[in-house]
Amino acid sequence: MSKKIIYHGSPDIIQTPVFGKGRSYNDYGKGFYCTEHLELAKEWACTENTDGYANKYEMDTAGLAVLNLSAKEYTILHWLALLMEYRRFRISTPVMKRGADWLKEHFLLDLTPYDIVIGYRADDSYFSFARAFVNNEISLSQLSCAMRLGKLGEQFVLKSPAAFEKIRFVSYEIADNTEYYAKRKARDDEARAAFRAELERDALDGLYMRDMIREEVQPDDPRLR
């Protein structure tokens with residue numbers, strides 16, 4: 001099925017998404033960030049004291065090149081490498097710099113051939129988990145488990161002019177900040193609680209950033225899945 005319903009959470013009603021707008025330091029660079037889940041869009045639309053809008057669109061993906069980071073040929077390290085490339089973050093230790101550089105060298109994907117990218121959303125809590133892993137503070141299994149328990153959600157990102165030509169505005173729903181900001185905060189709190197629980201687990205035998213650099217771990221290594 002090439003037609004999808006997607007939602008974009010925003011402080012504004014956006015009837016005509018425009019290619020080239022947006023911040024270059026989002027998870028996957030510039031693009032129009034959506035989700036297939038209405039409730040998530042409403043959470044993303046709100047700030048603490050301001051209502052937002054969940055803009056609804058119909059999207060025809062026929063003929064478009066789609067990169068799905070959940071496909072079996074990709075691992076969480078491909079997602080991390082993209083975060084290291086596009087997100088702004090502070091390099092606080094030599095270990096972190098080496099880890100970020102190594103990830104980008106071995107796992108960074110070129111997004112230019114793709115019209116659409118589907119992948120994890122890195123809210124603040126999840127970005128802090130990613131930084132902890134790159135800084136060799138937690139193992140890969142701890143990172144993966146904390147992210148699953150936190151119910152991260154996926155983004156559906158339009159990246160090319162061809163993708164923007166295939167999206168059509170349908171309607172919008174108001175997102176009440178008193179309800180949906182609370183839900184967003186609860187999701188973040190759940191993720192952080194899952195992370196703290198993982199930190200208490202013995203992970204001496206886990207795969208850490210330093211191990212992967214030392215062993216020159218490749219994308220097809222079964223330990224990454």
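Numerical summary
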item	result
Which listed residue, of 72, 3, is open to solvent by 20 Å² or more (accessible area, probe 1.4 Å), out of contact with any strand residue (DSSP E or B) (no Cβ under 8 Å at 6 or more places or on another chain) and not acidic (Asp, Glu)	72
Matching entry among 25, 57, 33, 53 (being assigned to a strand (DSSP E or B) and within 27 Å of residue 89 (Cα to Cα))	33
From 200, 173, 215, residue being open to solvent by 50 Å² or more (accessible area, probe 1.4 Å) and either farther than 27 Å from residue 97 by Cα or among the polar types (S, T, N, Q) (or both)	173
Unique residue being touching a residue at least 12 places away in the same chain (Cβ under 8 Å) and within 12 Å of the chain's Cα centre (by Cα) when the list is 87, 98	87
Within the range 145-170, considering residues that are within 22 Å of residue 52 (Cβ to Cβ) and open to solvent by 40 Å² or more (accessible area, probe 1.4 Å), the one modelled with the lowest pLDDT	151
Filtered residue count, the range 91-129, keeping only those that are open to solvent by 30 Å² or more (accessible area, probe 1.4 Å) and assigned to a helix (DSSP H, G or I)	10
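Results for (1) buried (at least 17 other Cβ atoms within 10 Å of the Cβ); (2) out of contact with any strand residue (DSSP E or B) (no Cβ under 7 Å at 6 or more places or on another chain); (3) farther than 30 Å from residue 218 by Cβ; (4) at pLDDT below 90, shown as yes or no for each residue.
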position: 8; (1), (2), (3), (4): yes, no, yes, no
position: 19; (1), (2), (3), (4): no, yes, yes, no
position: 50; (1), (2), (3), (4): no, yes, yes, no
position: 60; (1), (2), (3), (4): no, no, yes, no
position: 63; (1), (2), (3), (4): no, yes, yes, no
position: 89; (1), (2), (3), (4): no, yes, no, yes
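The values are calculated or read from the model by the stated rules, or taken from the named source; none is laboratory data. Keep in mind it's a predicted model, so treat the numbers as computed, not measured. Glycine also receives a Cβ, built like all others from the backbone with ideal geometry; neighbour counts cover every protein chain displayed. Accessible surface areas use protein heavy atoms only, side chains included; no ligands, DNA or RNA. Shrake-Rupley method; radii C 1.70, N 1.55, O 1.52, S 1.80 Å.
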